[in-house]
Amino acid sequence: MANTSFFIGRFQPFHNGHLSVLKGMVKVSDKVIVGIGSSEKHGNPENPFTSGERREMIQRALQEVNVIPMYDVSFVDLPDMEEDEAWAKMCLELCENQVTKVWTGNEWTKKCFENTDVEIQNIKEVPGISSTEVRHRIAAGKSWEDLVPKAVAEYVKDIDGVSRVKKI
């Protein structure tokens, strides 16, 4: 079986820490699946962007650094569920049960996958870079563009994401 890595996040928005992880993942994986968590949620302070917008951000950022099309990267939407084990099972089924390793820094995600046959690769947060920090800076009218890939900053501006985050 191919070494298929699964990176789950809300990516609200996709930032330089996420990009760093994905750049490392493609070097050690045959295939990478990016799971867009809370895919059904958007239009609120924690989730201002739709799953389609988040997918577009990630694709543009990966194209900007030539990860796409050089590596096998695909995407899957992951809606929330009440039951943790059922959610993990759904995630793996949406990935056609190809996942060999889940990459996450999120304690809840680790807990969800601990009773599966999938290896868990712990990711350390990049200090000072988080989607929460990016949203806070946007909302406060402070500089945020240096925390995200250039392609993401341009896209957020193109879709009127700055004013949207400020209004929410």
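The values are calculated or read from the model by the stated rules, or taken from the named source; none is laboratory data. In this text, all values refer to a predicted model and were calculated from it rather than measured experimentally. Quick reminder, even Gly has a Cβ in these numbers, built from the backbone with ideal geometry, and neighbours come from all protein chains shown.
So, in the range 89-116, how many residues would count as being under 23 Å from GLY17 (Cβ atoms), of a type outside the set (Lys, Arg), in contact with a helix residue (DSSP H, G or I) (Cβ under 9 Å, 6 or more places away or on another chain) and without any contact (Cβ under 8 Å) to a residue 60 or more places away in the chain?
4
Kindly establish whether SER163 is part of a helix (DSSP H, G or I), free of Cβ contacts under 8 Å to residues at least 24 places away in the same chain and farther than 19 Å from GLY9 by Cα. Steps first, please.
Details: part of a helix (DSSP H, G or I): yes; free of Cβ contacts under 8 Å to residues at least 24 places away in the same chain: yes; farther than 19 Å from GLY9 by Cα: yes.
Answer is yes for this residue.
For the range 46-85, give me the residue count where each residue is closer than 25 Å to TRP108 by Cβ, out of contact with any helix residue (DSSP H, G or I) (no Cβ under 8 Å at 6 or more places or on another chain) and not in a loop (DSSP other than H, G, I, E, B).
5
Of the conditions (1) surrounded by fewer than 17 Cβ atoms within 10 Å (Cβ to Cβ); (2) hydrophobic (A, V, I, L, M, F, W, C); (3) at pLDDT 95 or above, VAL99 fails just one. Which one is it?
(1)
Of the residues GLY17, GLY43, GLY35, which single one is among the small types (Gly, Ala, Ser), crowded, with 19+ Cβ neighbours inside 10 Å, touching a residue at least 24 places away in the same chain (Cβ under 8 Å) and not in a helix (DSSP H, G or I)?
Selected residue: GLY35, the only one of GLY17, GLY43, GLY35 that is among the small types (Gly, Ala, Ser), crowded, with 19+ Cβ neighbours inside 10 Å, touching a residue at least 24 places away in the same chain (Cβ under 8 Å) and not in a helix (DSSP H, G or I).
Say we look at the range 20-32 and pick out the residues that are charged (D, E, K, R) and in contact (Cβ under 8 Å) with a residue 40 or more places away in the chain; which of these is nearest to VAL152 (Cα to Cα)? Break it down into steps so the answer makes sense when it comes.
In the first step, residues of the range 20-32 are kept if they are charged (D, E, K, R); the result is 23, 27, 30-31.
Restricting the remaining residues to those that are in contact (Cβ under 8 Å) with a residue 40 or more places away in the chain gives 23, 30-31.
Working: LYS23: 16, ASP30: 25, LYS31: 23 Å.
Of everything passing the filter in the range 20-32, LYS23 is nearest to VAL152 (Cα to Cα).
What's the number of the only condition in (1) more than 14 Å from the chain's Cα centre (by Cα); (2) under 25 Å from ALA151 (Cβ atoms) that ASN115 fails to meet?
With (1) more than 14 Å from the chain's Cα centre (by Cα); (2) under 25 Å from ALA151 (Cβ atoms) applied to ASN115, the lone miss is (2).
Could you run through the range 38-83 and say how many residues are of a type in the set (D, E, K, R) and touching a strand residue (DSSP E or B) at 6+ places or on another chain (Cβ under 6 Å)?
In the first step, residues of the range 38-83 are kept if they are of a type in the set (D, E, K, R); the result is 40-41, 46, 53-56, 60, 64, 72, 77, 80, 82-83.
Among the residues that remain, those that are also touching a strand residue (DSSP E or B) at 6+ places or on another chain (Cβ under 6 Å) are: 54-55, 72, 77.
Residues that pass the stated criteria total 4.
Yes or no, residue by residue, for (1) farther than 16 Å from LEU19 by Cα; (2) surrounded by 12 or more Cβ atoms within 10 Å (Cβ to Cβ):
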| residue | (1), (2) |
| --- | --- |
| GLN63 | no, yes |
| GLU82 | yes, no |
| VAL118 | yes, yes |
| ILE129 | no, yes |
| ALA139 | yes, yes |
| ALA151 | no, yes |
